[in-house]
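Encoded as structure tokens, the structure appears first; notes follow it.
The values are calculated or read from the model by the stated rules, or taken from the named source; none is laboratory data. Keep in mind that this is a model prediction, so the values were computed, not measured. Cβ sites come from the backbone with ideal geometry, for glycine too, and all protein chains shown count toward neighbours.
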Amino acid sequence: MRQRKLVYYVAATLDGYIAGPQGQYDSFLHEGDHMAALAAEFPETIPVHLRDHFGLVGVPHRRFDAVVMGRGTYEPTLSVGTTSSYPHLRQYVVSRSLTVDDPTVKVVAEDPIGFIRRLKQEDGAGIWLCGGGHLAGHLLAEIDTLIIKRHPIVAGAGIPLLAGNYQPTRFAPTSTREFDSGVTLLTYTAQT
């Protein structure tokens, strides 16, 4: 049996931030040639309220069937009046204090490393780690692939791509794709 992969697919600034200090993500480029291309390549990562806009209703998954996120990444879902941005995926929110009354969202209060290791052993497609930086830092040793949508923006401060303890981890570059918008898609694979 092939083991599932944990893929950290996330937008980041040139200086390595995935959001502003209060979790803002509005400075990222939401228009440009990269948007349609990434929606086509990663259709399951488009939230439910935008799927119709991109013509993705009913489009099959290409890479992932599960999404894992921290509480800070999940909470903007609540601010737009829904409890589930990705009902087309198995959704897991890592939090010791959050409660969610939605059958499509499972709150994971246990150690995320053990949880991810068990999830990797289950049958299925890839597992998308969509944020946040603290959870990604905690799960660094479990990340098999980094896919970074690098935006041509310098933030100066914010939530880092990976936050946590100093633990140098080697990744090998596997592909680079540049868009006219200035966004660059960088893919790296963990070195074992």
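One table, with the values for the structure above:
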item	result
In region 143-192, residue surrounded by the fewest Cβ atoms within 10 Å (Cβ to Cβ) [restricted to those that are acidic (Asp, Glu) and assigned to a loop (DSSP other than H, G, I, E, B)]	Asp180
Those residues of region 9-38 which are under 12 Å from Gly156 (Cβ atoms), of a type outside the set (S, T, N, Q) and at pLDDT 95 or above, in sequence order	Leu14, Asp15, Gly16, Tyr17
Residue check for Asp144: modelled with pLDDT of 95 or more and out of contact with any strand residue (DSSP E or B) (no Cβ under 7 Å at 6 or more places or on another chain)	no
Members of region 40-67 that are hydrophobic (A, V, I, L, M, F, W, C), modelled with pLDDT under 95 and surrounded by 15 or more Cβ atoms within 10 Å (Cβ to Cβ)	Ile46, Val48, Phe54, Leu56, Val59
Contacts under 8 angstrom Cβ, first residue in region 32-56 being more than 17 Å from His88 (Cβ to Cβ), partner acidic (Asp, Glu) and surrounded by 13 or more Cβ atoms within 10 Å (Cβ to Cβ), 6 or more apart	none
Only one of Leu50, Leu38 that is aliphatic (A, V, I, L, M), farther than 30 Å from Arg117 by Cβ and in a helix (DSSP H, G or I)	Leu50
Restricting region 110-142 to residues that are out of contact with any Gly (no Cβ under 8 Å at 6 or more places or on another chain) and assigned to a loop (DSSP other than H, G, I, E, B), the residue that is nearest to Ala36 (Cα to Cα)	Ala125
Qualifying residue in region 51-68 (condition: touching a His at 6+ places or on another chain (Cβ under 6 Å) and under 27 Å from Arg4 (Cα atoms))	no
